[in-house]
Amino acid sequence: MRILVVEDEPRLRELLSRNLTREGYQVEAVEDGFVGFERAKVSQFDLILLDVMLPTMSGLEICMRLKRLKNSTPILMLTARDSVDDRVAGLDAGADDYLVKPFAFVELAARLRALLRRKSEGETVLRVGDLSLDAARREATRGARTIELTAREFLLLEHLMKNAGRVLTRDQILAAVWPEDFDGSSNIVDTYVHYLRDKIDTKGKAPLIRTVRGVGYALGA
Ligand code: CA
């Protein structure tokens, strides 16, 4: 488990590094906001511990930017004051949880474990309405019905579910689901959406994958 710590207060930063390393986490600690943002952007962490008041870029700004980039790494904010405004601002910015300074390390450790657990559960099963997709088992279910998918259908459905509610163009889907050297036409997307609809739609229920005329497809609402 890799944790990024962004904290400018040297003593707290060192304390966090030392204690988290002792707990078995792989820790990278930085003091500067912008550096922290860049690290979070280019490297894959399992969790980010983020101070609010930081030099060059605030914790709130980092949080908002990462969420805008669809970075799904859980963020635990360390807020300096016990002010409702700070906590609300943190959660509004997309933080998954917050802890008010000063805090006991045992409490921080417990919050981390809870966030990491939530993350690993969330990652294996995607859900949209009564449709769920289990990435570990490579299996879809709609209500009580199990649906068998080919590898390509699985990848396509996974991509649509991860972007549920968003309209995706054929080219976007093609780039995400087909290999880079695929040189066929984007009509292949239509063909596979058709296969998927045959498998996942239930008679008498609204189709889950919508065609957005002239644009592409969207799954869900
Ligand atoms: Ca600070």
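The values are calculated or read from the model by the stated rules, or taken from the named source; none is laboratory data. Being a predicted model, the structure only gives us computed values, none of them experimental. We place every Cβ from the backbone using ideal geometry, glycine too, and count neighbours over all the protein chains shown. These area figures cover heavy atoms from the full protein model, side chains too; ligands, DNA and RNA do not enter into them. Shrake-Rupley method; radii C 1.70, N 1.55, O 1.52, S 1.80 Å.
Results, tabulated for the structure shown:
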item: Subset of region 175-221 (residues that are closer than 18 Å to Lys162 by Cα and of a type in the set (Val, Ile, Thr)); result: Val177, Val189, Val193, Ile200, Ile209, Thr211, Val212
item: Helices (runs of 4 or more DSSP H) fully within region 133-203 counting 3 or more residues that are open to solvent by less than 50 Å² (accessible area, probe 1.4 Å) and of a type in the set (Val, Ile, Thr); result: 187-200
item: Selected residue (criterion: surrounded by the most Cβ atoms within 10 Å (Cβ to Cβ)) from residues of region 48-72 that are away from the ligand (no atom under 16 Å from the Cβ) and of a type in the set (A, V, I, L, M); result: Leu66
item: Residue that is nearest to the ligand (Cβ to nearest atom), among those in region 30-47 that are of a type in the set (A, V, I, L, M) and within 19 Å of Asp97 (Cα to Cα); result: Ala40
item: Matching residues in region 23-36 - criterion: being over 16 Å from Leu54 (Cα atoms), among the charged types (D, E, K, R), open to solvent by 60 Å² or more (accessible area, probe 1.4 Å) and at pLDDT 95 or above; result: none
item: Only one of Ala93, Ala136, Ala144 that is farther than 17 Å from Val6 by Cβ, modelled with pLDDT under 90 and in contact with a helix residue (DSSP H, G or I) (Cβ under 6 Å, 6 or more places away or on another chain); result: Ala136
item: Enumeration of residues in region 204-217 that are over 11 Å from Leu157 (Cα atoms) and in a strand (DSSP E or B); result: Arg210, Thr211, Val212, Gly216, Tyr217
item: Close pairs from region 54-66: first under 15 Å from Leu91 (Cβ atoms) and in contact (Cβ under 8 Å) with a residue 24 or more places away in the chain, partner assigned to a helix (DSSP H, G or I) and of a type in the set (Lys, Arg), Cβ under 9 Å, at least 6 apart; result: Leu66/Lys41
item: Failed criterion for Arg127 (all others in (1) outside any strand (DSSP E or B); (2) under 20 Å from the mean Cα position of the chain (by Cα) hold); result: (1)
